[in-house]
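Below is one structure; the comments refer to it alone.
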């Protein structure tokens, strides 16, 4: 039997029991009230009869005589006439008058005259007024007994008057009153049944038709799944309240405190990115997914409508971390670019070696020396990066060289500024790759979209030693058209991008518009920052960005010696 059915039957049983008990108690109280009223009425009638002067005088007269008059004399006497008149007038079952010994002087059944009463008359004959419920010769009755006093001032009891009303008439009165009682009980039972069915229906809606055992199993499974997965899960009910907010979602969104604090609060007022709230609006579709930056991470978020048997349960928002994937993809792209460059230049190195060998064979030593100088000026590898020899760190040299190949393919010259000086080696390549790569990519895009005929990107890097690791300063400028009317507050907002045709937009489609927001959050997480040095102007030069990354460099493998660079003409 289903739990809801059990609950319904239990409620019906309780309602039925309460109605029966209430009806029984009510009937019992009514019966007692009618009996008490009958006793009071009998007592009043008995007092009236006992105080009748004729009754008092006649009873005194008979009491003084020796013996009791025969029944025929009593039947025609004034006592019998007065008692029967009072009984007929009031509808009593009987009005009995006795002498001081308890012998009947008046009775509805004339054959009982002169006999002793069937109930004990001692209380009334002793001067007490009593009410009784007993069974006599005329059946069960509720009545009263009062003493009859002799005429005069002396309080001498000469007999008693006993009056009774039939209990059968009381039952008839109760039967007349039981109709409303029964109707009231039936109405209460019907209301209880309807309330039980409504409660059952509500219980089924609230539990989605699940049994308590199933609900308990679901709760255990929910806790195990939600707290065991690395993906963030946020549940929003149909009325816009947060019902689920697991620890992974709190961690990915960089929200301190317990995730249970948000449970039950309004989703519209929650301190989460607006892009997440937009996913749950009526105009959103389940298949839509967006990339957002939160807590120094790149997250992919999507929302799906939750339905159960065509009932709208709200939304489920899923969060997945793509930060590491983007970093690995960037590194893989750099390695792929470097590999392609190495394969392309293998033949060129062979030709250069053959040229040098030819110079030496012909004794043209000066020409060989000049040729070697020109080769060394382009760095260990012939990347299309001007002044690549200023980068002594192998990681930076390889990464910037790979970026130079990509920029060259798009017609942009990547140049290393003459003020570049990196004495240590990179110890946090992932953070450096993310920040430097995003700044270079943005600069190349701006140079390509700019109106200047000369397309270039300038990079200057400088490291600063520190007790907790060196700080790397990165300055990137381009030949683009600058930021225009956009300020720093807009540039670093998630979604700002120059990839849209016709200018800057705010779309995050295809992952655009995340770079600057991501690098600033990453830099600030390391207690650094990314800011705008120059906003640029139309026609060039473009915007200049500066990034500060503390703790990303360490002493060089050669004992932290200073890498001396030959000064450029005109510069110290």
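The values are calculated or read from the model by the stated rules, or taken from the named source; none is laboratory data. The structure displayed is predicted, hence computed values, not measured ones. So basically every Cβ, Gly included, is an ideal-geometry build from the backbone, and we count neighbours across all protein chains shown.
Things worth noting here:
- Some residue of the range 122-141 being more than 18 Å from residue 72 (Cα to Cα) and surrounded by 23 or more Cβ atoms within 10 Å (Cβ to Cβ): yes
- Restricting attention to the range 14-62, the residues that are within 26 Å of residue 75 (Cβ to Cβ) and surrounded by fewer than 18 Cβ atoms within 10 Å (Cβ to Cβ) total 7.
- Sole exception among (1) exposed (fewer than 15 other Cβ atoms within 10 Å of the Cβ); (2) at pLDDT 90 or above for residue 451, by number: (2)
- Checked against the criteria, residue 195 counts as out of contact with any helix residue (DSSP H, G or I) (no Cβ under 7 Å at 6 or more places or on another chain) and at pLDDT 80 or above.
- Number of positions in the range 517-527 that are under 16 Å from residue 440 (Cβ atoms) and at pLDDT below 80: 1
- Looking across the range 202-215, the residues that are part of a helix (DSSP H, G or I) and in contact with a helix residue (DSSP H, G or I) (Cβ under 9 Å, 6 or more places away or on another chain) come down to 203, 204, 207, 212, 213, 214, 215.
- Residue 262 being touching a strand residue (DSSP E or B) at 6+ places or on another chain (Cβ under 6 Å) and modelled with pLDDT under 75: no
- Residue 438 out of contact with any strand residue (DSSP E or B) (no Cβ under 7 Å at 6 or more places or on another chain) and at pLDDT 85 or above: yes
- Of residues in the range 536-554 being touching a helix residue (DSSP H, G or I) at 6+ places or on another chain (Cβ under 9 Å) and in a loop (DSSP other than H, G, I, E, B), the one surrounded by the most Cβ atoms within 10 Å (Cβ to Cβ): 542
- Members of the range 407-422 that are crowded, with 18+ Cβ neighbours inside 10 Å and either assigned to a helix (DSSP H, G or I) or at pLDDT below 85 (or both): 407
- Test: residue 117 is at pLDDT 90 or above, assigned by TED's automatic domain parsing to the domain that holds residue 67 and either closer than 16 Å to residue 49 by Cβ or touching a strand residue (DSSP E or B) at 6+ places or on another chain (Cβ under 6 Å) (or both): no
Per-residue answers, yes or no, for (1) assigned by TED's automatic domain parsing to the domain that holds residue 38; (2) in contact with a helix residue (DSSP H, G or I) (Cβ under 8 Å, 6 or more places away or on another chain); (3) modelled with pLDDT under 90; (4) under 24 Å from residue 41 (Cβ atoms):
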{"position": "64", "(1), (2), (3), (4)": "yes, no, yes, no"}
{"position": "74", "(1), (2), (3), (4)": "yes, yes, yes, no"}
{"position": "81", "(1), (2), (3), (4)": "yes, no, no, yes"}
{"position": "93", "(1), (2), (3), (4)": "yes, yes, yes, yes"}
{"position": "148", "(1), (2), (3), (4)": "yes, yes, no, yes"}
{"position": "161", "(1), (2), (3), (4)": "yes, yes, no, yes"}
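- Some residue of the range 216-229 being touching a helix residue (DSSP H, G or I) at 6+ places or on another chain (Cβ under 9 Å), over 28 Å from residue 11 (Cβ atoms), surrounded by 16 or more Cβ atoms within 10 Å (Cβ to Cβ) and at pLDDT 80 or above: no
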